[in-house]
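Before any comments, here is the structure.
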Amino acid sequence: MSPDDFHNKPFDEGTLTKLHIFELYAREWFPVFLAPERPLRNAIHVFDFFAGPGTDTQNTPGSPLRLLRQLQEFRSAQGWGKVRIHVHFYDEDSDKVARLKINIASHGFQLPNVSFDIQALRFDDAFRASELVLGNSQAAKLVFIDQTGVAHVTPDVFRKLVNSPTCDFLFFLSSSTLHRFRDHPAIWQKIDRPEDYFHVHRAALEYYRALLPPGQEYYLAPFSIKKGANIYGLIFGSAHPLGIDKFLEVAWRKDEFSGEADFPIDRENIRPEQLLLPMTEVQASKITAFESELENLLRSRRLSSEVDVMKVCFEHGVKRQHARAVLAKLKKEGVIDIDFYVPDVKRFREPRPIRMRK
Ligand SMILES: C[S@@+](CC[C@H](N)C(=O)[O-])C[C@H]1O[C@@H](n2cnc3c(N)ncnc32)[C@H](O)[C@@H]1O
């Protein structure tokens, strides 16, 4: 693909890939900090710790070029020039770093007012060198770790990420990593249906959730993406409900997903030797599990406001809108009385109550 093809390619073309979802999220993330006339933070830092050379063997753009493609769209935003913009691309392989620099130049992505920090660094060294920036409360951070790097997301790294102020992160678990999770004794015992990909992914999420410091308000969401024969389990983290809400909005965008969430469940087709479900099953299984848990929690009076409902949505990696059916059903049955069917993320601080009827 030539640089011109890359720039001209309609953004929504093609199937959703893990990089596509990352790019879509970056497109939502940049304007939060670059669009306001009075910026929320004086600096933004974007980290890609396993950046690669910028394109794959088919010349398809990789994560760093996609990030820059989105960033350049905001060159005339009000905050551009007021917010310091830092892009950190690291890879242990110096040849790949050299190719990445050439690729950035040949695509015309050497953007003005952007500080580029592109270095051949192993993750451990790069992460250590980034700790001050990650801990800076005046700077917003977006961190991307692709599936090559997930083994490096140790409990210590994970805790540092979740403790970083204004830091959203995305990382991917490949199918093989999910298999390892499934076979891990501590996790294996908790999975009701080891043949069900969705259960494995939830268990993986629970593993990370258990690493959160007690009482820490933090949002983690799982999401599944299929590419060819591979399924990637994506884990997104944000300290802010608006961050996770935006991420789920992106991930579920109708035109990207062709309504997979609406597919019927047909469990008859699952053979015991089948390790991972097809995507349609993953999505349907996800909605069913969410609805059943939401209904149980409401009937057992454990949710008292729209924020509680929203948190259940986030934990299951579904949109707030997915709560509508259960809320409407329980209202109709006279179990609850509510003034909303879809929780509103903007009412996060002053949520509407759920009144119990029965
Ligand atoms: C799959 S490629 C990255 C692709 C890139 N994220 C993209 O989407 O275009 C994985 C990269 O991780 C790098 N890598 C592997 N182990 C690493 C480590 N411990 N620290 C830094 N980079 C590493 C490899 O050199 C390789 O370029």
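Selection over region 92-129 of residues that are within 17 Å of GLY149 (Cα to Cα) and touching a residue at least 60 places away in the same chain (Cβ under 8 Å) gives a count of 3.
Candidates are the residues of region 159-168 that are part of a loop (DSSP other than H, G, I, E, B) and among the polar types (S, T, N, Q); the one that is farthest from the ligand (Cβ to nearest atom) is THR166.
Answer yes or no: is there a residue in region 104-117 that is surrounded by fewer than 20 Cβ atoms within 10 Å (Cβ to Cβ), within 25 Å of the chain's Cα centre (by Cα), among the β-branched types (Val, Ile, Thr) and closer than 14 Å to SER63 by Cβ. Checking region 104-117: not a single residue is surrounded by fewer than 20 Cβ atoms within 10 Å (Cβ to Cβ), within 25 Å of the chain's Cα centre (by Cα), among the β-branched types (Val, Ile, Thr) and closer than 14 Å to SER63 by Cβ. Inspect region 328-337 for any residue being within 14 Å of PHE290 (Cα to Cα) and surrounded by 18 or more Cβ atoms within 10 Å (Cβ to Cβ) and give the result as yes or no. The answer is no; no qualifying residue exists. Annotation: of all residues in region 30-42 being hydrophobic (A, V, I, L, M, F, W, C) and part of a helix (DSSP H, G or I), the one that is surrounded by the fewest Cβ atoms within 10 Å (Cβ to Cβ) is VAL32.
Of all residues in region 130-157, those that are under 21 Å from PHE116 (Cα atoms) have Cβ atoms under 8 Å from Cβ atoms of residues that are part of a helix (DSSP H, G or I) and within 9 Å of the ligand (Cβ to nearest atom), 6 or more apart or on another chain, in PHE144/PHE22; PHE144/SER63; ILE145/HIS152; ASP146/LYS18; ASP146/SER63. With respect to LEU234, is the statement that it is at pLDDT below 90, within 30 Å of ARG347 (Cβ to Cβ) and either within 16 Å of the ligand (Cβ to nearest atom) or of a type in the set (Lys, Arg) (or both) true? Yes.
The residue of region 4-23 that is modelled with the highest pLDDT, among those that are closer than 13 Å to LEU65 by Cα and surrounded by 15 or more Cβ atoms within 10 Å (Cβ to Cβ), is GLU23.
Right, ARG27: modelled with pLDDT of 90 or more and in a loop (DSSP other than H, G, I, E, B) or not? Criteria not met by ARG27. When ASP192 is tested against (1) more than 15 Å from the chain's Cα centre (by Cα); (2) modelled with pLDDT of 75 or more, exactly one condition is not met: (2). At least 3 residues being modelled with pLDDT of 55 or more and not assigned by TED's automatic domain parsing to the domain that holds VAL32 is the threshold, and among the helices (runs of 4 or more DSSP H) wholly inside region 247-330 those reaching it are 279-299, 306-316.
The values are calculated or read from the model by the stated rules, or taken from the named source; none is laboratory data. Model, not experiment: these values are computed from the prediction. We place every Cβ from the backbone using ideal geometry, glycine too, and count neighbours over all the protein chains shown.
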